[in-house]
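Reading through the structure tokens given below for one structure.
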Amino acid sequence: MQYAVSFPTGTVEYYFHSDWHQLRDIAPPDQTIIVTDSHINDLYASRFDGYRKIVLPAGEQSKSLTTIQDLVSQLIELQAHRKTMLVGVGGGVVTDITGFLASVYMRGIPFGFVPTSLLGMVDAAVGGKNGVNIGLHKNMAGTIRQPQFLLYDSSFLQSLPEEEWSNGFAEIIKYGCISDVRILNTLSENKIDNFLRRADKLNDLIMGCVDVKNKIVHADENETGMRKLLNFGHTAGHAFETLHKLPHGHGVALGMRVACLLSESQLDFQKKDSDMLCALLDTYKLPVQLKFDVPQVMDILTMDKKRNAKDLDYILLQKPGVAHIKPLQFDTIQKALEVFADAGSH
């Protein structure tokens, strides 16, 4: 299945149910440089035959300006020019770096993605956000620029570790919470193993999540309004992820738990719905409690990108499938974190 979605910064071609070999038609080897990481390169090096490639050290530590400077030097050595296509093949770290690199090299060259993780397929590679971390602050430097294409080859998921499946399902649960309760219903009726056995069921789920994100991004590409809804679970989640070296999906899962506590006090979100979400996170092997230091988390939140002068735009739930952006005072957020931390310490 192939279709295009137009955004203010460009049109993205989506190739679902696709195959790696189709990449040669979309991005000919003599015009393309592959950017991947050491993990994917070890598993799939033969797929890159005929392409020039740059291999990053696998892991979040590669998302830095130091890495970008090194990659620019490598592109110069490879004589990359303004019509050279960069193709990021990997998970969220690789696609974030590739998009950022393509946005700044020679003030912008074309790029595309072949996401290889569930999280990358449903979220990280979609929407045009590209960035790197600055110290403890995630994605503090970045761009909003759309890839020319996303190619989905589900064979990459065959080598995905169990933890990475859970990471991806955290973002899928997020989409159900903020926009489409049918996603939550599908997840409640299944488990990870069901999607592992049924490629058609998994592909339908991936396409549904991409559709939700594209509709939101199309309406607000530069995140001045409703695109902020996609940050549900990410506000406290990014802090947990950074401070405790957690996988992204684990941080988001815990962040959703904090957001539900705030939703109960601020929007009368029902406790039974919080419990439902908690059970769903547990079903998809995501954490629901954490022992942490509240002041450390608050230190990171004070520089969150959604901060206003005196408060922070927080994404809360009115009910499953319906989310709102609500400015919250920092002391309100801190109280919810204290309640969550106390529950995690017992």
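Within the chain, the selection of entire DSSP H helices by a Cα span of 20 Å or greater along the long axis and an average Kyte-Doolittle value of at least 0.5 returns 248-267.
Report the FRET efficiency, 1/(1 + (r/R0)^6), for D70 and D30, where r is their Cβ-Cβ distance and R0 is 22 Å, rounded to 0.05. The pair D70/D30 has a calculated efficiency of 0.35. The dipole here belongs to the chain: it is taken about the Cα centre, uses +1 on the Cβ of Lys and Arg and -1 on the Cβ of Asp and Glu, and is about 540 debye.
Restricting to the chain, compute how many DSSP beta bridges are antiparallel as a %, nearest 5. If you can, show how the numbers build up before the last one.
Values: 20 of 39 bridges.
Bridges in the chain are about 50 percent antiparallel.
With N set to the number of residues, divide the alpha-carbon radius of gyration of segment 136-280 by 2.2 N^0.38 Å and report two decimals. Mind dumping the intermediate values first?
Numbers: Rg = 15.8 Å, N = 145, 2.2 N^0.38 = 14.6 Å.
Here the answer is 1.08, to two decimals.
Ranked by the mean number of other Cβ atoms within 10 Å of their residues, highest first, the peptides 190-197, 311-318, 86-93 fall in the order 86-93, 311-318, 190-197. Return the carbon/sulfur percentage of the accessible area of segment 68-226, one whole number, probe 1.4 Å, all protein chains in place. Carbon-and-sulfur percentage of accessible area, whole number: 47.
Other residues lying with their Cβ under 12 Å from the Cβ of H17 contribute a combined charge of -4, Lys and Arg counting +1, Asp and Glu -1.
Before I look further, what does segment 1-136 give for accessible area per residue, probe 1.4 Å, in whole square angstrom?
Values: 5670 Å² over 136 residues.
Normalised by residue count, the accessible surface of segment 1-136 is 42 Å².
Separation of the alpha carbons by more than 28 angstrom is noted, of K53/K83; K215/K245; K285/K310; K63/K306; K191/K272, for K215/K245; K285/K310. Relative to a virtual label point 7 Å from the Cα of Q270 in the Cα→beta-carbon direction, which members of segment 314-340 show backbone nitrogen distances below 17 Å? Only 317-323 pass the distance filter. Rg and Dmax, both from the Cα atoms of the chain and both in Å, are 19.6, 59.
Calculated mean residue ellipticity, 222 nm, the chain: -14000 deg cm²/dmol, from DSSP H runs (n ≥ 4) at -39500 (n - 2.57) each, averaged per residue and rounded to 500. Sparse packing (at most 14 other Cβ atoms within 10 Å of the Cβ) combined with a DSSP loop state is found for the following trypsin sites (Lys or Arg not before Pro) in segment 235-310: K245, K291, K310.
The values are calculated or read from the model by the stated rules, or taken from the named source; none is laboratory data. Note that this is a predicted model, so its numbers are computed, not measured. Cβ atoms come from the backbone with ideal geometry, glycine included; neighbour counts cover every protein chain shown. Accessible surface is based on the protein model in full, side chains and every heavy atom, while ligands, DNA and RNA are left aside. Shrake-Rupley method; radii C 1.70, N 1.55, O 1.52, S 1.80 Å.
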